[in-house]
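Here is the structure we will look at.
The values are calculated or read from the model by the stated rules, or taken from the named source; none is laboratory data. As the structure is a computational prediction, the values presented were derived from the model and not from experiment. Using ideal geometry, Cβ is built from the backbone for each residue, glycine included, and neighbour counts are taken over all protein chains shown. Ligands, DNA and RNA are stripped out before the accessible areas are found, and what is left, the full protein with its side chains, is counted by its heavy atoms. Shrake-Rupley method; radii C 1.70, N 1.55, O 1.52, S 1.80 Å.
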Amino acid sequence: MHVLLVALLTASLAAQTPRYDLLIAGGTLIDGSGAARRRADVAVKDGRIVAIGILPRASARETIDATGLVVAPGFIDVHTHADAVADTPRAENFVRMGVTSIVAGNCGGSALDVGEALTAIRQTGISVNYATLIGHNTVRTAVMGSADRDPTLGELAKMKSLVWRAMADGAVGFSTGLQYVPGTYARLPEIIELARVAGNAGGLYASHMRNEGTELDNAIAETIRVGDLVGCRVQISHLKVDSPNRWGASASALALIDAARARGVDVEADQYAYTAASSTLGIRFPAWALAGGQAAVAGRLNDPAAWARIKTEMQALLAERGLADLSFAVVAMHAADPALNGLSMKQVAAKRKGADTPDAQLEAARDMMLAGGASMVYHFMSDGDVERIMRHPHVGVASDSSVLMPGEGAPHPRGYGNNVRVLGEYVRTRRVISLEEAIRKMTSLPAKHFKFQGRGLIQEGYAADITIFDPATVGDTATFEKPHAFAAGVPHVLVNGVAVVRNGQHTGARPGQILTAPAGAK
Ligand SMILES: [Zn+2]
């Protein structure tokens, strides 16, 4: 009698309080480790993964039917420019392509006061998990403006203290952008001094290198040297070969990475899956012409002798890369005249100068710099290099994008499509890598390198960052012509156990957390 009563009570209690908050049932699990796919359900409770296996459907408050779908860890995008995420908290272009964690502060540009920036993000609440690096260009500008020289000892000490403070406030490392002003004026000893501050605080060194084409091997060697001397982890950002004259050089670049890893330098890289890059218009100008602020730059561009010299150097820089003119360059966003967005510099020259010759294109570029510059899309890579880099086991997948606003400008489509383009185009269509390997490159590989503990795998105890996609239809729909188009084939995305995408729509939820590296990480 008593035994029966207890059994009945237990059964009714169990029916009233399900064991799990959420059950993802019937799906194919790809756990992020690179292991082969298997049939398994995943149970979530209190934001964490608590059970994996064949689980009873009645055990959860809510069930997602994942029949025919792949269940994977949420994608971690370690190379973004989503520094303004507090103003754009939905981060919809990211979550719709399965990204659940982003790292900002890349290419040398970040918030100067990392503590204040992270507090603003915590107060607003955002849809993705977020971490930031402290940027070298940001720190150098704060101390030295855009001066084209070495820092004094006092200036170097100031920069070190700014990096130290950012690390204490939660930055996960130090980034450089050595093709940009003012990072381009910095020499290696300065970078080593600053990377050492970040490294001693458990951070990594991430670099947009000094050169990505004509001097690619030297630039990689310089980046790895920081790892050799400081002993910190190194991340080579958006690895590519950006000069037709050097197409194929990815082989020697990857060999340098392998050699460094073999002698103990923990260096990895990331890439986006496109043969076009995106950057500033200014990057096409000689660095010396951009020193000293906008007034000084305008002075040079308006001085006939100086402009003649700049133009000659620009032509030489193009020729050195194997480029005849600026027709590979397309305007992404020119605030002074948005009518130019989406036009190639050849088209801009025809429109503005009445001729599309190489000289007219350079003249049009000068006018645009005087009007405040522009962000650009540059078509100058090869499929062969993109695919070879993708096959390398220590290269992850990262977008290089900011949070995008539908309809604003003509941005590079990677911000809407990068992860799903890898899954659709490079896995399903071209068969460059396996689906399991692609998922590993988007999850456990970056999580380990950035020391995001408890993320990047579908494993009991891990955070329930989960992306559920259809392997038959997942893909990018954003193109260079029509970039504002969300990913296809990603019906459900969870961040810390909360749905941010459900049935292909953003739920508005903001469950994202700030990610930091554990103290003492190396
Ligand atoms: Zn960059």
To the nearest Å², the heavy-atom accessible area per residue of the chain with 1.4 Å probe amounts to 38
Using only alpha carbon pairs under 8 Å that are at least six residues apart, calculate the relative contact order of the range 367-522 and give it in whole percent.
20
At 1.4 Å probe size, with no ligands or nucleic acids counted, give the accessible surface of Asp337 in Å², nearest ten.
40
What is the distance, in nm, between label points placed 7 Å from the Cα along the Cα-to-Cβ direction at Ala335 and at Ala221?
4.0
Note the full-extension length gain between Trp307 and Asp258 as 0.36 nm times their separation in residues minus their Cα-Cα distance, in nm to one decimal.
13.3 nm
Relative contact order, percent, of the chain when contacts are C-alpha pairs under 8 Å separated by at least 6 residues?
21
Taking only the alpha carbons of the chain, the radius of gyration and the largest Cα-Cα distance, Dmax, both in angstrom, are 24.2, 103
Percent relative contact order for the range 16-115, counting Cα pairs under 8 Å at least six residues apart, stands at 26
Would you mind getting me the FRET efficiency between Ile54 and Thr507? Use the beta-carbon distance for r and R0 = 41 Å, nearest 0.05.
0.90
Label zone at Ala472, where the point sits 7 Å out along the Cα-to-Cβ direction: the range 59-86 residues whose backbone N lies under 17 Å
65-71
Under 22 Å between alpha carbons: how many lysine pairs meet that in the chain, if sequence neighbours fewer than 8 apart on the same chain are excluded?
11
Counting only protein heavy atoms with a 1.4 Å probe and every protein chain in place, the carbon and sulfur fraction of the accessible surface of the chain in whole percent equals 54
Using 7 Å Cα-to-Cβ label points, what is the Asp148/Ala120 separation (nm, one decimal)?
3.2
Summing Lys, Arg as +1 and Asp, Glu as -1, what charge do residues with Cβ under 15 Å from the Cβ of Ile30 carry, Ile30 excluded?
0
Restricting to DSSP loop positions (anything but H, G, I, E, B) with no more than 13 other Cβ atoms inside 10 Å of their own Cβ, which GluC sites (Glu not before Pro) remain in the range 391-473?
Glu408, Glu460
Reported to the nearest 10 Å², Thr28 has, with a 1.4 Å probe, an accessible area equal to 50
